[in-house]
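The structure appears below as structure tokens.
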Amino acid sequence: MPGPQLGSHRLANALFVAPMAGVTDRPFRQLCRRMGAGYAVSEMVTSRKDLWNSLKTSRRANHEGEQGPIAVQIAGTDAPMMAEAAAYNIARGAQIIDINMGCPAKKVCSKWAGSALMQDEPLALQIVSAVVEAAAPHGVPVTLKMRTGWCESEKNAVKLALGAQAAGVAMVTVHGRTREQGYKGQAEYDTIRAVKAALQIPVVANGDIDSPEKAREVLAHTGADAIMIGRAAQGRPWIFREIAHYLSTGQTLPAPTVVEASDWLVEHLQEHYTLYGSLTGMRTARKHIGWAVRDLPGGEEFRQAMNLLESCEAQISALRQWFARMAGDYERLPYLAKPQGEPTMAGSDADDEHAMTMNANQQKELRPLA
Ligand SMILES: Cc1cc2nc3c(=O)[nH]c(=O)nc-3n(C[C@H](O)[C@H](O)[C@H](O)COP(=O)(O)O)c2cc1C
């Protein structure tokens, strides 16, 4: 499925990785692209100038060797500051600017940013216009990511999306939940369909897409130009090639072989350690390893044991051994049936804007030790 055209950029295909703070860093984006994702938006970079030089922000803004177009997401509450943040990121290589109006967390919402902005349409559109005005002279398209609305009785996605289109936005992504829902309940796709029907610009459907079958259903139901996948790609980035294969052939692609998955994971971890340095890298790699093994036999025991390891070398060697043993019994990843339940929010660093939605154990596990 061809990707939408954004300004002078034709996106490689219609399967996008969702921006996930603490997850979609450059190594993870590159892995997802290698596995078939056509587009990856980088993590939110704050519009607060005082944080632009922080290590965290500069890691987030690291696009070395990344396949274009480079898309950077910004979030904030003040139109001139957002315009400045757009200009700053464009000067540092951003080719597309994405505005975050889809993030439900308190730390962001209390500052009137993220999805909280959906409640104040005039301010939201003021921000959109200011960012478009800052980006347009550079030929940089601006996109918008939002939810279906503030709460069940105030689903204003269509109105806001129409306003954003009129202000010059090039593409809108809708996560099929309200801000009030957080990550609870099920995503709904009727509102996304309504947004698609109302707009001339490309619309991206997002929320709870976790299999090739679901991808096809959501595309058919919404008529969206593309789909965006977040949590289902954690530890399973090959979902993109599985979806691509299914959409083009109607056939299910077999799971990767144990050997290839092990090699991909090790390569990903090496990139991860290089970006973060060995101490931070070793700690933040744990979540990626945990996701990669979670639906495999013995995965939970391995995750617990691996969390006690204190060096990158030990992680790599444990992982290789674990997969090598599995390769003795299985050719392909032997995924266990998924337990039914609500999708989890795990993934974010404890200090980022999503930590509030994690349960106590997840927070403890992800808390930086330094
Ligand atoms: C750990 C985590 C971090 C996220 N960070 C961001 C973010 O920085 N910006 C954003 O627009 N959405 C963020 N989201 C929301 C996702 O982009 C996506 O809209 C949401 O997870 C629903 O898609 P999914 O069901 O495929 O995961 C985050 C989600 C998760 C799970």
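Only one residue of 170, 75, 19 has its Cα farthest out toward the positive end of the dipole of the chain, where Lys and Arg carry +1 and Asp and Glu -1 on Cβ, and that residue is 75.
In whole percent, and with a 1.4 Å probe on the protein chains, what portion of the accessible area of the chain is carbon and sulfur? That fraction is 52 percent.
In the chain, helical runs assigned H by DSSP with n ≥ 4 each contribute -39500 (n - 2.57); averaged across all residues and rounded to the nearest 500, the mean residue ellipticity at 222 nm is -13000 deg cm²/dmol. Taking θ = phi - 60°, what integer Hz values does the Karplus form 6.51 cos²θ - 1.76 cosθ + 1.60 yield along region 274-282, in sequence order, with x for Gly and Pro? Result, ordered by residue: 5, 5, 9, x, 5, 6, 5, x, 4 Hz. Toward the positive end of the charge dipole of the chain, with +1 on the Cβ of Lys and Arg and -1 on the Cβ of Asp and Glu, the farthest Cα among 254, 227, 297 is that of 227. Solvent exposure of region 1-78, expressed per residue, is 36 Å² of accessible area, with all protein chains present and a 1.4 angstrom probe. Near residue 171, the amide H atoms lying under 5 Å from its own belong to 144; only residues 5 or more places off or on other chains count, and H is placed 1.01 Å from N.
Scoring 48-60, 71-83, 261-273 by mean Cβ neighbours within 10 Å over their residues and listing the highest first yields 71-83, 261-273, 48-60.
For residue 49, go through the aspartates and glutamates and keep the ones whose alpha-carbon is under 15 Å away, minus same-chain ones fewer than eight residues off. Straight-distance partners of residue 49: 78, 84. The count of lysine pairs in region 126-205 whose Cα atoms are under 16 Å apart, excluding pairs fewer than 8 places apart on the same chain, comes to 5. Each Lys or Arg adds one and each Asp or Glu subtracts one; over the other residues with Cβ under 10 Å from the Cβ of residue 34, this totals +2.
Rounding to the nearest 20 debye, state how big the charge dipole of the chain is about its Cα centre with +1 on each Lys and Arg Cβ and -1 on each Asp and Glu Cβ.
Dipole about the Cα centre, nearest 20: 120 debye.
Report note on the peptides 289-295, 64-70, 184-190: ranked by the mean count of other C-beta atoms within 10 Å, highest first, their order is 289-295, 184-190, 64-70. Measuring nothing but alpha carbons in region 164-217 and taking Rh as the Kirkwood radius, the Rg to Rh ratio lands at 1.00. A Stokes-Einstein calculation at 25 °C with viscosity 0.890 mPa s, built on the Kirkwood radius of the chain over Cα pairs, returns a diffusion coefficient of 118 µm²/s. For the chain, the longest principal axis of the C-alpha atoms and the axis of helix 79-91 are separated by about 50°.
Entry note, the chain: relative contact order of 15 percent, from Cα contacts under 8 Å with a spacing of 6+ residues. For helix 212-222, what angle does its Cα long axis make with the longest principal axis of the chain, in degrees from 0 to 90 and rounded to 10? Compared with the principal axis, the helix lies near 10 degrees. Solvent exposure of region 142-210, expressed per residue, is 36 Å² of accessible area, with all protein chains present and a 1.4 angstrom probe. Please work out whether region 200-282 counts as rounded, prolate or oblate from its C-alpha gyration tensor, where a ≥ b ≥ c are the square roots of the eigenvalues and a/c under 1.5 means rounded, while otherwise a/b larger than b/c means prolate and anything else oblate? Oblate, because a/c is 1.5 or more while a/b does not exceed b/c.
The values are calculated or read from the model by the stated rules, or taken from the named source; none is laboratory data. From a predicted model like this one, the values you see are computed outputs, not experimental measurements. Virtual Cβ from ideal backbone geometry, glycine too; neighbours counted across all protein chains shown. Note: areas computed on protein heavy atoms with side chains; ligands, DNA, RNA excluded. Shrake-Rupley method; radii C 1.70, N 1.55, O 1.52, S 1.80 Å.
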